[in-house]
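Below: the structure, in structure tokens.
The values are calculated or read from the model by the stated rules, or taken from the named source; none is laboratory data. These figures come from a predicted structure and were not determined experimentally. A quick note on method: Cβ atoms are made from the backbone with ideal geometry, for glycine too, and the neighbour counts reach across all protein chains shown. To get the accessible areas, we keep the full protein, side chains included, count just its heavy atoms, and leave off ligands, DNA and RNA. Shrake-Rupley method; radii C 1.70, N 1.55, O 1.52, S 1.80 Å.
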Amino acid sequence: MKGHIFSPIATITALLLLAACQEQTSPPVNTTPLPSVAAPPYICDYIPLGAVQLMTGIREPIVKGNFDLTVGKELDGKNYGTGGCWIYQPTGNKSKVLQISLSPAGSKQEVEWEISQGAKPLPEIIPGAIGHYSQDGSADNAQASAVLVHGLNEVIVDLIHGVKGRDNAADAAALMELIAPKLIPGATPTTEKTRD
């Protein structure tokens with residue numbers, strides 16, 4: 001008789017444990033697109049924190065770096081900037097999740113070659129600029145990058161560890177749209193358009 005008394009209790013306990021385990025699964029992925037307009041607060045003076053939080057899933061990242069948009073004028077009278085912004089996980093191994101770099105290493109031919117190899121062309125962000133973006137590796141790999149070249153200036157968004165379940169390539173492209181007009185010295189953004 002005792003076995004029969006405990007059997008329903010054991011079944012109920014097992015069902016409650018199963019339900020509790022199912023409730024502990026990770027929360028749904030935030031698939032909200034990055035904003036179409038950069039807004040404060042900014043990290044590294046030019047990168048919108050809200051966009052970084054969405055694309056990395058990290059609320060309080062560790063941030064290092066800065067940009068110098070006048071270095072070319074100061075060094076040799078040319079219009080280019082340099083610098084970088086590195087974003088790290090705040091806990092655990094504190095690995096790098098995102099980096100943005102600006103350098104006078106722009107090459108339109110390199111961008112055209114990447115597009116010929118399957119990278120998607122970026123929309124026109126700055127008149128006269130050319131760029132591409134892509135997902136790195138397999139479709140479920142949360143790495144992506146975007147590159148934009150304008151004159152001597154090259155901006156690279158390298159999403160090393162994005163959020164699985166988000167469109168990481170679209171995130172890299174959207175961040176480029178937000179930051180390139182601010183990071184490229186003397187750039188005039190293309191007329192604002194709505195993004196799908």
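What to note about this one:
- Looking across region 151-167 at every residue that is crowded, with 24+ Cβ neighbours inside 10 Å and modelled with pLDDT of 95 or more, the one that is farthest from Q53 (Cα to Cα) is identified as N153.
- Residue count for region 97-115, restricted to those that are over 22 Å from G81 (Cβ atoms) and open to solvent by 80 Å² or more (accessible area, probe 1.4 Å): 2.
- Residue satisfying condition, being touching a helix residue (DSSP H, G or I) at 6+ places or on another chain (Cβ under 8 Å) and at negative phi, within set V147, V111: V147
- Checklist (1) at pLDDT below 90; (2) assigned to a loop (DSSP other than H, G, I, E, B) applied to D45, failing item: (1)
- Residue ID - nearest to P123 (Cα to Cα), chosen from residues in region 48-79 that are assigned to a strand (DSSP E or B) and open to solvent by 80 Å² or more (accessible area, probe 1.4 Å): N66
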